[in-house]
Structures are given as C-alpha cells and as structure tokens.
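The values are calculated or read from the model by the stated rules, or taken from the named source; none is laboratory data. The structure displayed is predicted, hence computed values, not measured ones. Cβ sites come from the backbone with ideal geometry, for glycine too, and all protein chains shown count toward neighbours.
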Amino acid sequence: MNAPETLSRWAGTGSSRVPFWAYTDAQLYRKELEKIFYGRHWCYVGLEVEIPNVGDYRLSSVGERQVILVRDRVAPRDRGTDHGIRVVENRCAHRGVRFCQQPHGTARSFVCPYHQWTYKLNGDLAGLPFKDGVQATDAQGQPCVNGGMPPDFDLKEHGLTKLRVAVLHGLVFATFSEEVEPLEQYLGPQVMPWLDRIFQGRKLTLLGYNRQRIPGNWKLMMENIKDPYHPGLLHTWFVTFGLWRADQKSRMVMDEQGRHAVMISRRNDGGANDAVTQGVTSFKADMALNDTRLLDVVPEPWWKIDDPSNPGTEITPTVTMITLFPCLIIQQQVNSLSTRHIQPRGEGSFDFVWTHFGFADDDEAMTRRRLRQANLFGPAGFVSADDGEVIQFSQDGFRQKGEDGETLCELGGTDTLATEHMVTETLIRGMYAYWRKVMGV
Amino acid sequence: MSAARTPEGAGPVDERLLLQLEIDQLNAAYAAALDERRFDDWPLFFLEEGRYTVQARENFDRKLPLALIALESRGMMRDRVYGITQTIYHGPYYTRHLLSPAQVLGQEGERIRSQAHYAVFRTKPGDASEVYNVGRYIDEIVRTPAGLKLASRTCVYDSEMVLNSLIYPI
C-alpha cells in the first residue's frame, strides 16, 4: 500500500489566490468533512415548521452523514426550556443500518427493520428483541435461557448518535461537536441583526422544496453568495431591472472570523448607467416583461430596521444574502425568501436543497407574490439557474489544470475587511482565510 | 359498435378514440416544437391565460404550492422564452421527449382533463444522452376555433434531483 500523501500546502500567507486543489483533492475533502462538517461548526438541518407536531420527522444531512430531524415529546414542566427538537444520526447502533428510509413522516418511535432495535424519538435505545435471551429447555429437561446480550449490556450506552441542537427563530442547527460555542456566539454579533430582521418573532409557513445536484465543489456555492461582483454581470434580470448591480447602495458584512457573511443592498430603478452597464452584454436596455406580475415587488414593513452599524438611523435593504458557514444560505431578494442547504457529495459534487417559506400572517396575495417571484430562483430560475452552470464550469476548469492552478480573488484588494460597496471579493477572501486556519493548509 | 358506451357514459367509442387521437397529436406537436427548439411556438399551445407549471412530485403530493417554474399567461411564457434564448447563461443541450398515449380523465363541456407520461432525455454536445426529467403531464385542454389548446399543463416530475439546471420547458 502506498504511504498516505501529505496534503498540499498553500503558498504564501494571504487568501486572495485559492489553489485549484482546494476544490479537487479527494483526500483534503475527507479532512474537510471531519474538521468542518463534523467538527466545531453548527450545520443547518432544517426549519422547525417542517416538523410541527410531536413525532413529525424529516431526513436531513450534516456533511455526508444522514440525520433525522424530529420533534420529541416534552413534559409540560420542561416546555419553557426545551424546544423538543432532536437531531439523531440515521444509523442503527447495532449493525450500522441506515434504518429510516421515508424522507418525512410521523413516528412514535424508530425501529430498525433488520433486527427490530427500537429507539425513542430522542435517540435512546428503548429495547431490542431477545436481550435477555430466549427461555428453552436443555438436554436434561431443565429450563434454561438461550443466548441474549451479555449481562453488562446497558441500553443507555447503545442509543443513536445524538447531535447537539440549537434552534434560532425557527431555524434548526445541529453539531456533532461537544466543544463548539453556543449558536448565537458562533454566528456573531455582526450577523445576528440580519437574521433577527427576517425571522425574529415571526411564524414561518412552508411553501415547498426544490432540489438540484450541482457537479462542483461545495465551497463554490458559498463563494457564489459571497461574491457581489457577478450578479450584475452574469444575471440579466439583476442588472436590467436594478435588483443587484454595482451602482446600488450596498454593504458587505462578516463575522469576526470571516466565515459567515451578509451581502446587503437596496435596489434601484435599473436602466442604463454607463458606469455599470456600458459594455455589459447581459444588460438588455430594451428588455421589458410581457407579464409584469413576475416582478410585482411590494415592500414589506420588516425590511426597514435600525441600522446596526449606525444606531439611530434607519436602513431599508431590499435584498440580504446571508451565508452561514459551512452549509446554509438564507435569501431575501425582494419578496422571495428561502433557505438553501448545501449537502456535499464528494469533492466534486453537492446537492443544493431550496426551502421556500413565507410568514403565517401573509395574505393570499403575498403568498402568490412569493410563489411568482420564485420563478427567479432555484434550478430553473431566471437568475439562479446560471449560478449552478458556472459552478460546474468552474470545477471543470480546475480539474483540467490540475495541481498548480489558482483562482484570483483580488477585486477590492487582498484584505478581508467589511465594505460599504459591492465592488469587492472581500467576503471570499474572508472565508478562505478562516478555511486555511481550520484546515491547517 | 359505434353506439357502445363506456360504463362512465363518457361517449361513444369512436368519439373517445378521436378525442384521444387529437390529444396525442397535440402532445406530439408540443414535444416536437420543444425538441426542434421552436421555442416561440411553445406559448401558442396554450390559451392566452393558460398556465404552465413544472413541479416536483414531492411538493405536488404534499400539496405544497412551490413549483420549479410557474407561469400564469402566454405573456409569462414569452418572458420565459426570452430568458432561455437571451438571458439565462447555460451550457447548450438538446432535449428529446418521449410521451405515452394520453389518458382522458374526464370531460366537462369544452374542457377536457387528461394526463400523459413523459421522459425527457438531455444530450450535451460531445456527451452521451442521459435521463433528464421524468414525470407526467396533468392537463386541462379546451377546444377552441383554433383547435385544442392547453388551459393548464402541470408537469409533475418524479426525478428527485434536477441535474444542475432546467432551462428549456418540459
């Protein structure tokens, strides 16, 4: 057998040139799963509203490990302190079977079909057949017990793997790590106000799912939503209708480690502005919609908040794109809201699960508006379909060059500072500065 | 034989066969327009206020309203055609639709409910063909002076994962 190869080393100290091997090295990817997805990070697994009643569950994943998100029974006296949401790994403690095969449902308990080991909703092993053996009669006609588990077998030691769970405003996060800091601290004070703005005090409604399999490294999706440079160039709808382009008032926010980010902007009227549209082939000066209901934007009161950076003044973004490392993107683009969950599948592929939601107090017109604007997003979206495509072509480019290529992320310099504009790749540099530290490369 | 009726009383056999043939021809023409990339013709298969929806089976079965594509007029369909031909950047590909015979589910006046099963294959330049999207059309069809038109077509797809992107109509 060959000796394990040492990981590639990143030349230099910066994070503005990302080596292609960061996206293509299978051994490095296994380490990413251990250090990032199964390490000291909180991973999004779903929304509380997806499992409204006791026993409701749905499958999700943390890295490549499939987990079950389930609502447990909670004694009345604990209801003030226990949200009842549990996340357990979908792998039987007996022989390793991925026992739960229904993507969602309602259960009283979980039973592995192979040998009927039965678990409570919280993952505790409730019982198993023949634990105390089977009563029989021996050759001398005496009663005896055949088999059974050893006398020291303890049910308590053989439950499902339980993840730590944190619920924030209806978003459910889980981690295999015992050490990671509490969720709000993990997200940081720079990012929290932008989560509060969308979610705080609101009951969500589930509108549905879209799923796509993108043949690219998982980090490319995080980069895509930390990259304010491309939307006004790749996406005709954004530049033409003024939904996202470089002449808008914008802000790039990061947590202090550079791993999470928020891209904040306020739309303008679109149309020609030589500074940002001249020579931009995706800008279509004469484009008008045949049916304007596709972009029937109605401002919502919650868009306006006290500016976290300038207390006492108001700020009214029309779009906030939040990346929570390592696997969640939260989108508010005008009236369309979704979470997007990155589920890696090897170094060159990931599944991207979109969960669109609204608010319980939306009227019918607002729900219809959110659903119409969903035409912009997802695997077929007027805007987002091309993101998946360019991610695939990025991965293709990395693969053909091999070990010594690197990307160039130096728009706006090489530093990792927050900005009050969008003509920068600072958020990508911030993420890779953090990634280098975690991965030790 | 022409007087024979179905147990449901849906009409004489020859009328039913004729109707099925008409719907099959509508579907064949629809598929040919897409596979031959005559996208400008695609909205013309619908009524002016016709609806076109592509929805994951998961959402359809659970009555979740989100769709992958949800268009509510020929105007929106034209906007989609402009998108797929002018604005959505994507790797080029061909489609090939294989459709089952239509199954007429019911008829109320001029409005016919039917469904047909489809498989769409995708072929990218220089690559092998792959199964791209599989599902069924659930249709409401109306007889007009210009022939049968779709009042609504819902493409409910079984495929749990979209293979990266879905650009052209199904």
Only unsatisfied item for A:Asp291, checking (1) without any contact (Cβ under 8 Å) to a residue 24 or more places away in the chain; (2) of a type in the set (D, E, K, R); (3) more than 21 Å from A:Leu371 (Cα to Cα), is (3)
Search result, residues across the stretch A:266-288 that are of a type outside the set (A, V, I, L, M) and within 20 Å of A:Arg369 (Cβ to Cβ): A:Arg266, A:Arg267, A:Asp269, A:Gly270
Flagged in the stretch B:130-146 as small (Gly, Ala, Ser) and surrounded by 12 or more Cβ atoms within 10 Å (Cβ to Cβ), in numbering order, are B:Gly135
Considering only the stretch A:127-246, give the strands (runs of 3 or more DSSP E) lying wholly within it that have at least 1 residues that are more than 30 Å from A:Gln257 (Cα to Cα). A:134-137, A:143-146, A:204-214
Within the stretch A:73-102, how many residues are within 28 Å of A:Phe153 (Cβ to Cβ) and assigned to a strand (DSSP E or B)? 4
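Being away from every other protein chain (no Cβ under 14 Å), touching a residue at least 40 places away in the same chain (Cβ under 8 Å) and more than 30 Å from A:Met221 (Cα to Cα): is that true of B:Gly147 here? If you could, list the steps in order and put the result at the bottom.
Values: away from every other protein chain (no Cβ under 14 Å): yes; touching a residue at least 40 places away in the same chain (Cβ under 8 Å): yes; more than 30 Å from A:Met221 (Cα to Cα): yes.
So B:Gly147 fits the description; yes.
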Can you name the residue in the stretch B:68-91 that is in a loop (DSSP other than H, G, I, E, B) and either modelled with pLDDT under 95 or away from every other protein chain (no Cβ under 14 Å) (or both) and is also farthest from A:Leu233 (Cα to Cα) among such residues? B:Gly91
For a quick check of your reading of the model, give me the residue pairs whose first member lies in the stretch A:4-24 and is buried (at least 20 other Cβ atoms within 10 Å of the Cβ), whose second is at pLDDT below 85, with beta-carbon atoms closer than 6 Å and at least 6 apart or on different chains. A:Trp21/A:Ser8; A:Trp21/A:Glu403
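Across the stretch B:16-57, what is the number of residues that are within 30 Å of A:Pro103 (Cβ to Cβ) and either aliphatic (A, V, I, L, M) or out of contact with any strand residue (DSSP E or B) (no Cβ under 6 Å at 6 or more places or on another chain) (or both)?
First, the residues of the stretch B:16-57 that are within 30 Å of A:Pro103 (Cβ to Cβ): B:51-57.
Within this subset, residues satisfying the condition of being either aliphatic (A, V, I, L, M) or out of contact with any strand residue (DSSP E or B) (no Cβ under 6 Å at 6 or more places or on another chain) (or both) are B:54, B:56.
The total comes to 2.
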Cβ contacts < 6 Å: first residue within 7 Å of another protein chain (Cβ to nearest Cβ) and polar (S, T, N, Q), restricted to the stretch A:196-222; second residue in a strand (DSSP E or B) and surrounded by 18 or more Cβ atoms within 10 Å (Cβ to Cβ), any location; separation 6+ or different chain. Result? A:Asn210/A:Trp354; A:Gln212/A:Phe352; A:Gln212/B:Val162
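Select from the stretch A:205-246 the residues that are among the basic types (Lys, Arg) and within 20 Å of A:Pro317 (Cα to Cα) and list them in ascending order.
Narrowing the stretch A:205-246 to residues among the basic types (Lys, Arg): A:211, A:213, A:219, A:226, A:245.
Once the filter is applied, which keeps residues that are among the basic types (Lys, Arg) and within 20 Å of A:Pro317 (Cα to Cα), the stretch A:205-246 yields A:Lys226, A:Arg245.
Quick check on this structure: which one of A:Thr313, A:Thr292, A:Thr281 is within 14 Å of another protein chain (Cβ to nearest Cβ) and farther than 20 Å from A:Met422 by Cα? Please lay out each step first, then the result.
Working: A:Thr313 fails: within 14 Å of another protein chain (Cβ to nearest Cβ); A:Thr281 fails: farther than 20 Å from A:Met422 by Cα.
Only one candidate qualifies: A:Thr292.
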Tabulated pairs, the stretch A:375-400, first within 8 Å of chain B (Cβ to nearest Cβ) and farther than 18 Å from A:Arg293 by Cα, second surrounded by fewer than 20 Cβ atoms within 10 Å (Cβ to Cβ) and of a type in the set (Phe, Trp, Tyr), C-beta under 9 angstrom, 6+ apart or interchain: A:Ala385/B:Tyr89; A:Asp386/B:Tyr89; A:Glu389/B:Tyr89; A:Val390/B:Tyr89
Mind checking which residues of the stretch A:160-170 are over 13 Å from A:Arg86 (Cα atoms) and in contact with a strand residue (DSSP E or B) (Cβ under 7 Å, 6 or more places away or on another chain)? A:Gly170
